[in-house]
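Asks: Have a look at the structure that comes next, please.
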């Protein structure tokens, strides 16, 4: 494909993109294909000769699109959103065209300095302390892993990365029983070992119990185990619970433990001053992650890791092979020293374009609307005699189940709600997921897709209630 063909084909692709977004509601939200059907439609061997671009696009529509679950559909209420917007899509097109590798300041000064400024913009938009700085990572899993690696090094006086974990004192990490699985994975990767991850019990609102946390820490200290980090969550994946940061922070302060906050989903709500109650105690926090690619209209992937002590972050990751040394060393910031990866994408560009396109007020309106829609949905479900809300609705996640009054058997209710979710998702009209709260199979209505309106939520509730009541006929 030469540049003239590229220009012609790219125009056609932009038309395809615009038509897709205009007509996205005509697709079933969740792909309806059977396992293996897409692979079976693809040739077993690659083509020997080049294919015509129109043929490729035809196969995209015929073969690939049926296997797509449409995350940008306004009736997508599953997991947490992975949002997008026209401004972000355009930024991704520019990023792909430039093809930058942003490992060093030298390899593109604009990429490094724009990232620095975007982290400052977000810090101020979220109301975080001025001491916080940070780096854009790909996902919250990597951000949390990075934070725990720093905590490990602090806990070992930076000896673990030199001598290995076999020479280190046994260490422990703490989180609630509702914490994200990325914490489980991180303790495995950093060499702490899964047996040394302490899952702390939660209260009736599914928030970590500080008294249980401190009791576990004291028990570990008595056994000669070094507590290195606590991971608190603002907006748990299961039900959006909020751990008490102040009480946890005071405990961490007393024992010299790194406090990391996973706000991957709900951190975006900090853009609203009225939602900053959730980070009361932020002055105790050493690191915090939030994902603009979830609730802000920024394409995946874009995770922002804020730290109070960037020197410890850099000390953990910096390596200076000869082939990466430049004449600017010591004068500029090289983000390769702020994380695991050497190679880095130009993620700051889409943040910049989205924030400028919406403005802070526009982004606040988007998030505030989603929270309002969720509160209304929560009230509607709670008012129904055969539905119950199972956890507080702090942000834009509603957790509930269908509970006919003549069924009190928990296993029967679990089976009934499992069947209900399968029927809803197989309809293609909307897409939800589930969790389990205190042994109860729980449906999650996650409201946050960029184009979702109050009407979409109303239609979803009507579909949920009519399908539920139809499961018994």
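Asks: Evaluate the following for residue 314: is it assigned by TED's automatic domain parsing to the domain that holds residue 239, in a loop (DSSP other than H, G, I, E, B), under 19 Å from residue 137 (Cβ atoms) and at pLDDT 90 or above?
Replies: Values: assigned by TED's automatic domain parsing to the domain that holds residue 239: yes; in a loop (DSSP other than H, G, I, E, B): no; under 19 Å from residue 137 (Cβ atoms): yes; at pLDDT 90 or above: yes.
For residue 314, the condition - assigned by TED's automatic domain parsing to the domain that holds residue 239, in a loop (DSSP other than H, G, I, E, B), under 19 Å from residue 137 (Cβ atoms) and at pLDDT 90 or above - is not met.
Asks: What single numbered condition from (1) loosely packed, with under 15 Cβ neighbours inside 10 Å; (2) touching a residue at least 24 places away in the same chain (Cβ under 8 Å); (3) within 30 Å of residue 314 (Cα to Cα) fails to hold for residue 205?
Replies: (3)
Asks: To continue, here is another question. From 139, 169, grab the single residue that is surrounded by fewer than 19 Cβ atoms within 10 Å (Cβ to Cβ), within 14 Å of residue 303 (Cβ to Cβ) and in the same structural domain as residue 293 (by TED's automatic domain parsing).
Replies: 139
Asks: Got at least one residue in region 319-328 being touching a residue at least 40 places away in the same chain (Cβ under 8 Å) and within 24 Å of the chain's Cα centre (by Cα)?
Replies: Within region 319-328 (the criterion being touching a residue at least 40 places away in the same chain (Cβ under 8 Å) and within 24 Å of the chain's Cα centre (by Cα)), the answer is no, since none of the residues qualifies.
Asks: Can you name the number of the only condition in (1) surrounded by fewer than 22 Cβ atoms within 10 Å (Cβ to Cβ); (2) closer than 22 Å to residue 266 by Cα; (3) in contact (Cβ under 8 Å) with a residue 24 or more places away in the chain that residue 447 fails?
Replies: Single failed check for residue 447: (1).
Asks: Considering each of 420, 381 in turn, give the residue that is in contact with a helix residue (DSSP H, G or I) (Cβ under 6 Å, 6 or more places away or on another chain), in the same structural domain as residue 451 (by TED's automatic domain parsing), buried (at least 21 other Cβ atoms within 10 Å of the Cβ) and at pLDDT 95 or above.
Replies: From the options 420, 381, the qualifying one is 420.
Asks: So residue 429 ticks every box in (1) over 21 Å from residue 235 (Cβ atoms); (2) touching a strand residue (DSSP E or B) at 6+ places or on another chain (Cβ under 7 Å); (3) not in a helix (DSSP H, G or I) but one. Which box is left unticked?
Replies: With (1) over 21 Å from residue 235 (Cβ atoms); (2) touching a strand residue (DSSP E or B) at 6+ places or on another chain (Cβ under 7 Å); (3) not in a helix (DSSP H, G or I) applied to residue 429, the lone miss is (2).
Asks: Just to be sure I understand, how many residues within region 70-95 are assigned by TED's automatic domain parsing to the domain that holds residue 11 and surrounded by fewer than 15 Cβ atoms within 10 Å (Cβ to Cβ)?
Replies: Final tally of qualifying residues: 0.
Asks: Right, another one. Go through region 391-414 and give me each residue that's surrounded by fewer than 20 Cβ atoms within 10 Å (Cβ to Cβ), touching a residue at least 24 places away in the same chain (Cβ under 8 Å) and touching a strand residue (DSSP E or B) at 6+ places or on another chain (Cβ under 8 Å).
Replies: Matches in region 391-414: 410, 413, 414.
Asks: When residues of region 342-368 are filtered for being without any contact (Cβ under 8 Å) to a residue 12 or more places away in the chain and either in contact with a strand residue (DSSP E or B) (Cβ under 8 Å, 6 or more places away or on another chain) or closer than 17 Å to residue 447 by Cα (or both), how many remain?
Replies: Count: 1.
Asks: Quick check, is residue 249 under 22 Å from residue 390 (Cβ atoms) and modelled with pLDDT of 95 or more? Break it down stepwise before answering.
Replies: Details: under 22 Å from residue 390 (Cβ atoms): no; modelled with pLDDT of 95 or more: yes.
Taking the combined requirement at face value, the residue does not satisfy it.
Asks: Let me ask you something else. Scan region 451-466 and tell me whether some residue there is assigned to a helix (DSSP H, G or I), touching a strand residue (DSSP E or B) at 6+ places or on another chain (Cβ under 6 Å), more than 29 Å from residue 267 (Cβ to Cβ) and outside the structural domain of residue 236 (by TED's automatic domain parsing). Walk me through it before giving the result.
Replies: Going residue by residue through region 451-466, those that are assigned to a helix (DSSP H, G or I) are 454-466.
Subset that is touching a strand residue (DSSP E or B) at 6+ places or on another chain (Cβ under 6 Å): none.
Checked region 451-466: no residue is assigned to a helix (DSSP H, G or I), touching a strand residue (DSSP E or B) at 6+ places or on another chain (Cβ under 6 Å), more than 29 Å from residue 267 (Cβ to Cβ) and outside the structural domain of residue 236 (by TED's automatic domain parsing).
Asks: Another question, then. Take residue 146 and tell me if it is within 19 Å of the chain's Cα centre (by Cα), surrounded by 16 or more Cβ atoms within 10 Å (Cβ to Cβ) and either touching a residue at least 40 places away in the same chain (Cβ under 8 Å) or not assigned by TED's automatic domain parsing to the domain that holds residue 324 (or both).
Replies: So residue 146 passes the test.
Asks: Which residue, of 380, 376, is touching a residue at least 40 places away in the same chain (Cβ under 8 Å), more than 27 Å from the chain's Cα centre (by Cα) and in a helix (DSSP H, G or I)?
Replies: Exactly one of 380, 376 is touching a residue at least 40 places away in the same chain (Cβ under 8 Å), more than 27 Å from the chain's Cα centre (by Cα) and in a helix (DSSP H, G or I), namely 380.
Asks: Here's a follow-up. Residue under question is residue 189, and the condition is that it be surrounded by 17 or more Cβ atoms within 10 Å (Cβ to Cβ) and in the same structural domain as residue 227 (by TED's automatic domain parsing); does it hold?
Replies: no
The values are calculated or read from the model by the stated rules, or taken from the named source; none is laboratory data. From a predicted model like this one, the values you see are computed outputs, not experimental measurements. So basically every Cβ, Gly included, is an ideal-geometry build from the backbone, and we count neighbours across all protein chains shown.
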